Amino acid sequence: LAQDKKWRIGFSQATTIEPWRAQFNKDIIAEAAKHPEVELIITDGEDKTEKQVADVENLIRQEVNALLISPKESAGLTGVVQQAIDAKIPVFVLDRNVETDKYVQFVGGDNKLIGRAAGEYAVELLGGPGKAQGNVVEIWGGMGTQPAHDRHDGFHEFTDKEPGIKNLLDQQSGDWKQDQAYNIMATALRNNEKIDLVYGHNDPMAYGAYLAAKDAGREKDIKFIGIDALPGEGVTWVNNGELSATFLYATPGAEGLRQAIKYLGGEKVEKNVVLPTLKVTKENAGQIMKDNGL
Ligand code: FRU
């Protein structure tokens, strides 16, 4: 440990190829810069469970003072999180959960709530409660992740109440990726003459579906809803009229690190820290872009 450093904190990131995760890393690095007593070690799981498991084993061997992890998927990372806990390393789980609650803290958005907000808005776009009509394509995030399941469940709390809404796809996963969502949507367009709304579990997938519809000349007939609301991505696409709405899923980078530092300093921390969300439509998208220098 360098002389001026008091704490070595490890952060195991699932992948950096997705724009939201690149922002997440920027946020945690910016926060670390405010704490000269902290040495932050970031690893990149490269979107592979085995790689992320090896990363965490490595951080455990380095005897980090705290471990932050944003898992690629729940089941595959639970064992190594337990290993860290057994090694008496305080663990902070960020954004995607694991299948134990023996960690110190979970920090992330409320995906059930976000799913509900998306479902409520979908019903509104399709004609309103009791009157909504339309064929809906849902493109799931990673099947092995809690956010995808919560985003699905919350959405359906609203749309399943509408007899006029028909679900065209059952559990099709685009694994959070724009290109996979493009392919799913291209097939859905070929198989269905009428599609009214697409719900992507994140913005890259909603946008991939939009591009597929555009290439088929059908984007004007369809509404697209996503989640994440990065200013340069989802918010911009809403502002361009490509997506109808996106819902903020703030990265837990800064807050997660602050919480870990608080804990290492001997303070008590909450078991769960929930980050706020925000509905972004054409009404506020331009302002959000301006606020972010775009
Ligand atoms: C990035 C991402 C985000 C999404 C989050 C869910 O890897 O797919 O787009 O909101 O993970 O955990």
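Read-outs: derived from the displayed coordinates by stated rules, not from any lab. In this text the structure is predicted, and so the values were computed from the model without any measurement. Cβ atoms come from the backbone with ideal geometry, glycine included; neighbour counts cover every protein chain shown.
Data for the structure
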| quantity | calculated |
| --- | --- |
| Assigned charges on the beta-carbon of Lys, Arg, Asp, Glu; the chain dipole about Cα centre (debye) | 320 debye |
| DSSP beta bridge pairing in the chain, given as percent antiparallel to the nearest 5 | 5 percent |
| Cut-off under 5 Å, modelled amide H: who pairs with Asn135 long-range | Lys166, Asp196, Leu197 |
| Whole-Å semi-axes of the ellipsoid equivalent to region 1-133 (Cα gyration tensor, √5λ, descending) | 34, 17, 13 |
| In Hz, Karplus ³J(HN,Hα) per residue of region 30-45 (6.51, -1.76, 1.60; θ = phi - 60°; x = Gly, Pro) | 5, 5, 4, 5, 7, 10, x, 7, 10, 9, 9, 10, 10, 10, 10, x |
| Fewest-first ranking of Met289, Met205, using other Cβ atoms within 10 Å as the exposure measure | Met289, Met205 |
| Extension gain (nm, one decimal) between Leu278 and Arg190, 0.36 nm per residue minus Cα-Cα | 28.3 nm |
| Within the chain, helix-based [θ] at 222 nm, where runs of 4 or more DSSP H residues each add -39,500 (n - 2.57), nearest 500 | -13000 deg cm²/dmol |
| Rg to Rh, two decimals, where the chain supplies the alpha carbon set and Rh follows Kirkwood | 1.01 |
| Label point distance in nm, Thr100-His35, each placed 7 Å from Cα along Cα→Cβ | 2.3 nm |
| For region 90-99, Karplus couplings with θ = phi - 60° (6.51, -1.76, 1.60), whole Hz, Gly/Pro x | x, 10, 10, 9, 10, 6, 10, 7, 10, 9 |
| Neighbour-count ranking [beta-carbon atoms within 10 angstrom, fewest first] of Tyr249, Tyr263, Tyr182 | Tyr263, Tyr182, Tyr249 |
| Those aspartates and glutamates that a straight Cα-Cα span of less than 20 Å connects to Lys6, excepting residues fewer than 8 apart in one chain | Glu31, Glu37, Glu39, Glu63, Glu255, Glu267 |
| Mean Cβ neighbour count within 10 Å, used as a protection proxy, ranking 250-257, 160-167 highest first | 250-257, 160-167 |
| Interchain or long-range residues, amide H under 5 Å from Glu99's placed H | Thr78 |
| Two-site label geometry, Gln287 and Asp86: point separation in nm, points 7 Å out along Cα→Cβ | 5.2 nm |
| Angle in degrees between helix 178-191 and the longest Cα principal axis of the chain, rounded to the nearest 10 | 20 degrees |
| DSSP-defined antiparallel bridges as percent of all bridges, region 175-294, nearest 5 | 20 percent |
| Residues with amide H under 5 Å from that of Leu275, placed H, sequence gap 5 or more | Gly108, Gly109, Asp110 |
| Per-residue HN-Hα couplings for region 269-283 [Karplus 6.51, -1.76, 1.60; θ = phi - 60°; Hz; x = Gly/Pro] | 10, 5, 5, 10, 10, 9, 8, x, 10, 7, 7, 10, 10, 3, 5 |
| Links that overshoot a 25 Å alpha carbon limit, given the list Lys5/Lys271; Lys131/Lys220; Lys51/Lys214; Lys72/Lys214; Lys262/Lys290; Lys48/Lys220 | Lys5/Lys271; Lys51/Lys214; Lys72/Lys214; Lys262/Lys290; Lys48/Lys220 |
